[in-house]
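Here is the structure we will look at, set down as structure tokens.
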Amino acid sequence: MIAAADRFGPWADGIDRTERVARLRSLRAITRLSLGPRGHAFAETLRRAETDPGQLEPALRQLDALAALDRRSVLCSFAALHRPA
């Protein structure tokens, strides 16, 4: 179960599969560029979540487990990329 506070990005309610995959891919690209090898496990879980929705919760747990500065970097970049026009 994903808490209401964590329902953003690819974990948001009411988005279709195509949009969820797009958000997962953008989050994965940000992770690769921002964290390099430190984010490998998280990026791989995001990749698996593209075809297996059961990987969404593990991906969220991995995001939460990132070091504070790494998590902040990923989330700030994701937010900037997905800021409404």
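In deg cm²/dmol, rounded to 500, what helix-only [θ] at 222 nm does the chain give when every DSSP H run of at least 4 residues adds -39500 (n - 2.57) and the total is split over its residues?
-20000 deg cm²/dmol
Bin by bin, in steps of 5 Å, what percent of the Cα pairs in segment 1-57 do you find, going until the bin that has the longest distance?
Answer for segment 1-57: a P(r) of 4, 21, 29, 25, 15, 5, 0 percent.
At residue 33 and residue 85, where each label point lies 7 Å from the Cα along Cα→Cβ, what is the point-to-point distance in nanometres?
Roughly 2.0 nm, to one decimal.
How much accessible area per residue does the chain have, counting only protein heavy atoms and a probe of 1.4 Å, in square angstrom?
So the chain comes to 61 Å² accessible per residue, rounded to a whole number.
Translational D (Stokes-Einstein, µm²/s) of segment 30-85 at 25 °C and 0.890 mPa s when Rh comes from the Kirkwood sum over C-alpha pairs?
Working: Rh = 11.6 Å.
D = 211 µm²/s.
About the Cα centre of the chain, how large is the charge dipole given +1 on each Lys and Arg Cβ and -1 on each Asp and Glu Cβ? Please answer in debye to the nearest 20.
On the way: 14 positive and 10 negative charges, 59 e Å.
In total the dipole reaches around 280 debye.
Give, as a single signed number, the net charge of other residues whose beta carbon lies under 12 Å from the beta carbon of residue 47, with Lys and Arg counted +1 and Asp and Glu -1.
Once all neighbours under 12 Å are counted, the net charge is +1.
Counting only protein heavy atoms and a 1.4 Å probe, tell me what percentage of segment 19-85's accessible area is made up of carbon and sulfur.
The computed percentage sits at 56.
The values are calculated or read from the model by the stated rules, or taken from the named source; none is laboratory data. Keep in mind that this is a model prediction, so the values were computed, not measured. Here the Cβ is made from the backbone with ideal geometry for all residues, glycine too, and neighbour counts use every protein chain on show. All accessible areas refer to the heavy atoms of the entire protein, side chains included, with ligands and DNA or RNA removed. Shrake-Rupley method; radii C 1.70, N 1.55, O 1.52, S 1.80 Å.
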